[in-house]
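Here is the structure we will look at.
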Amino acid sequence: MSDMHSSGQILLHDKRLVQASCFSASLISEETKKNWCKSFHKPEYRDSLKKIKNSSIFLILSQNCDIACRNDSLDSTVEIAVCKKIKESDVFPGNSFVKSVRKLHFKAGSNWYEANIEYILSVNKKELLSTIESIDEFELIKLTDEYSKSVPVWRSNRYMRSALPDNFNDNFGHILDKHIGELEKRAIPLHNEDFSSYIWAIYIHLDSDEEKANYNFRLFALLRDETPDNVIPDIQDILESIAEELEEQAGYTDDSDIYAGRAKSTYVSYLTQFVRLNLDNHSLSNGDNKIKPTE
């Protein structure tokens with residue numbers, strides 16, 4: 001593209017830098033990475049490269065329309081997550097497929113990585129373009145559709161989440177920990193699909209958003225229209241088991257009238273009674289305990 005175009009337009013159209021694309025941290029010089037570190041939100045991360053290892057990758061979070069803004073002065077930076085490499089055994093279901101707003105586990109090539117909202121950079125577009133153009137063998141890593149579709153949803157959920165009372169989260173987390181693996185397993189598509197789970201989302205309704213000893217609640221799993229008839233009862237049974245344990249162990253009251261349903265048979269007016277369940281509390285108190293930062 002000509003010099004008339006913005007750095008952002010060149011990044012998107014010429015360099016193919018799009019949302020959810022990645023590139024290896026090993027391609028970037030230490031001097032450049034130190035400069036990028038200055039944009040970390042937390043001051044303690046700004047003067048060190050501890051959070052950016054050569055085994056890490058950079059994940060583009062900015063939306064394509066923001067990257068390609070015609071005027072760099074109006075939208076001057078690209079939001080980039082520093083993602084550390086993790087072991088496959090450390091991949092936690094609650095941190096995959098946008099169930100946690102703090103962390104996202106995803107696969108790039110043959111390796112697994114963790115994006116964390118604490119390690120996000122804002123890199124000047126002109127500087128990013130200059131850096132890319134200075135690297136002879138610069139290469140982008142393209143995620144599969146499964147994970148590339150998760151990135152924008154994960155980022156937006158940070159601003160769309162609905163909090164639930166701590167008392168409920170604490171009791172629910174302990175019970176969910178026993179069932180989430182089986183729930184994920186039952187929801188895996190039986191055939192090769194362009195999605196990873198039959199479950200769109202899990203919703204919950206409480207009779208109060210205040211902290212108190214007891215709650216009346218309802219659970220509901222919104223399923224994709226492609227969900228086979230024989231899978232729905234399995235998911236319903238697991239949700240019902242979770243509800244029963246909440247009653248028995250926490251003393252809550254289950255008012256659920258149905259535990260799962262396909263999107264095409266679910267009215268919007270029904271979903272408006274619920275909030276989309278945020279598993280962040282469960283993720284932090286359980287599954288993340290074994291996932292520790294590599295210093």
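The values are calculated or read from the model by the stated rules, or taken from the named source; none is laboratory data. These numbers come from a predicted model, not from an experiment. The protein model used for the area step is the full one, side chains on, heavy atoms only, and it has no ligands, DNA or RNA in it. Shrake-Rupley method; radii C 1.70, N 1.55, O 1.52, S 1.80 Å.
Size estimate for the stretch 179-251 follows the Kirkwood approach: the inverse of mean 1/r over distinct Cα pairs works out to 13.6 Å. Remark: C-alpha extents of the chain on the principal axes read 63, 39, 36 Å, sorted largest to smallest. The spacing between the stretch 195-270 and the stretch 28-82, judged by their C-alpha centroids, is 39 Å.
Evaluate the relative contact order of the chain (contact order divided by residue number), counting alpha-carbon pairs under 8 angstrom at least 6 apart; express in whole percent. Relative CO of the chain lands at 18 percent. Per residue, the accessible area of the chain comes to 52 Å² when a 1.4 Å probe rolls over the protein heavy atoms. Averaging 1/r over every pair of different alpha carbons in the stretch 10-168 and inverting the result gives a Kirkwood radius of 16.3 Å. The spread of Cα positions in the stretch 47-128, taken along each principal axis and listed from longest to shortest, comes to 44, 28, 23 Å. Ser265 exposes around 80 Å² of accessible area when a 1.4 Å probe is run over every protein chain in place. In a Debye calculation with equal point scatterers on the alpha-carbon sites of the stretch 117-214 and no solvent, what is log10 I(q)/I(0) at q = 0.12, 0.14, 0.18, 0.24 Å⁻¹? Log10 I(q)/I(0), no solvent term: -0.71, -0.87, -1.12, -1.39. Can you give me the angle between helix 232-245 and the longest principal axis of the chain, using Cα atoms only, in degrees from 0 to 90, rounded to the nearest 10? Helix 232-245 and the main axis of the chain meet at about 70 degrees.
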